[in-house]
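To start, the structure under review is shown below, and the notes come after it.
The values are calculated or read from the model by the stated rules, or taken from the named source; none is laboratory data. Quick caveat: nothing in here was measured; it's all calculated off a predicted structure. Positions of Cβ are generated from backbone atoms using ideal geometry, with glycine treated the same way; all protein chains shown enter the neighbour counts. Accessible surface is based on the protein model in full, side chains and every heavy atom, while ligands, DNA and RNA are left aside. Shrake-Rupley method; radii C 1.70, N 1.55, O 1.52, S 1.80 Å.
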Amino acid sequence: MMKKNILSIVLLLITSITVAQKNQRIAYIDMEYILQNIPEYLEAQNSLDAKVEKWKTRLDKEARAIEVLKTDLTNEKAILTKELIEEREEDIKIKQESLRRLESLYFGPNGDMYNLRKRLVKPVQDQVYNAVQTIASRKKYDFVFDKSSDLVMLYSNKKHDISDLVVQMINIDQRRQDKKDKIEEKKALLKNDNLSDEQKEKIAKREEIQKKKEEDRLAKIKQIEEKRKQRLKERADKRKLLQEKRDALRKAQEEQKKKEDDNDNK
């Protein structure tokens with residue numbers, strides 16, 4: 001880890017020197033901030049978390065069952081024959097191997113979690129990377145760093161942060177796609193008024209999803225604004241407290257000096 005951090009710092013310093021020499025344009029993003037402001041990502045992440053929790057619950061249940069078998073064997077070993085002990089030990093061993101295989105199927109390098117994450121989350125991440133590519137091309141940036149990655153940023157000026165711009169571009173693309181989908185639906189309705197129940201259900205479900213996305217987006221905006229107001233209030237309270245401490249200290253010093261002056265005058 002130390003070696004990795006040192007390499008990151010060296011890379012950043014080299015890049016900084018290059019930028020200074022060649023007057024190249026740089027920007028950075030906060031990937032975590034961007035993803036937390038994309039409703040599609042949050043939905044995908046919640047779906048993935050629900051699956052992971054379900055898998056962990058099953059693994060825990062299997063592990064507890066094995067522990068019960070081991071405890072029972074320990075307690076009953078004195079009254080069991082050698083053959084029965086070996087049979088139970090073999091049964092426990094088989095169940096432990098089965099548990100390890102199941103754990104690998106869920107959380108292994110090519111397990112269900114990896115595949116599900118790739119299916120649910122990767123499309124959203126691709127949206128982010130495409131937006132970054134577009135913005136970098138339009139703004140003629142030479143480097144765009146990810147603040148939340150392993151690359152250590154020793155200093156970052158807020159004016160170089162294009163995270164909000166990335167979120168805006170993704171939201172614009174999403175609204176365009178939603179508008180396009182609605183137009184296609186209207187065309188389908190005009191073309192054929194006798195839609196099947198399945199088609200009607202599909203359209204209704206899509207509208208419900210869009211409504212939920214908009215509600216989530218507005219709720220997220222409200223949450224961000226509330227956090228911003230809370231931070232401002234905390235800063236104001238902190239400044240007020242510091243000022244009160246300074247005033248109290250100054251008053252104490254003045255009173256102490258007055259006492260000393262009075263003593264000197266006596």
Checking Leu190 against (1) modelled with pLDDT under 70; (2) within 17 Å of Glu43 (Cβ to Cβ): exactly one of these is not met. Which one? (2)
Is there a residue in the stretch 72-84 that is within 25 Å of Met31 (Cα to Cα) and assigned to a loop (DSSP other than H, G, I, E, B)? no
Among the residues of the stretch 194-206, count how many are at pLDDT below 75 and loosely packed, with under 13 Cβ neighbours inside 10 Å. 7
Does Leu42 qualify as being open to solvent by less than 80 Å² (accessible area, probe 1.4 Å) and within 30 Å of Lys222 (Cβ to Cβ)? yes
Boolean, Val10 is in a helix (DSSP H, G or I) and at pLDDT below 90: yes
Output yes when any residue across the stretch 60-68 is modelled with pLDDT of 90 or more, under 30 Å from Val167 (Cβ atoms), assigned to a helix (DSSP H, G or I) and of a type in the set (Gly, Ala, Ser), and no when none is. no
Exclusive hit being surrounded by 15 or more Cβ atoms within 10 Å (Cβ to Cβ) and under 18 Å from the mean Cα position of the chain (by Cα), set Leu48, Leu102, Leu69, Leu73: Leu48
Kindly provide the set of residues from the stretch 104-145 that are within 17 Å of Glu43 (Cβ to Cβ) and of a type outside the set (A, V, I, L, M, F, W, C), ordered by number. Arg117, Lys118, Arg119, Lys122, Pro123, Gln125, Asp126, Gln127
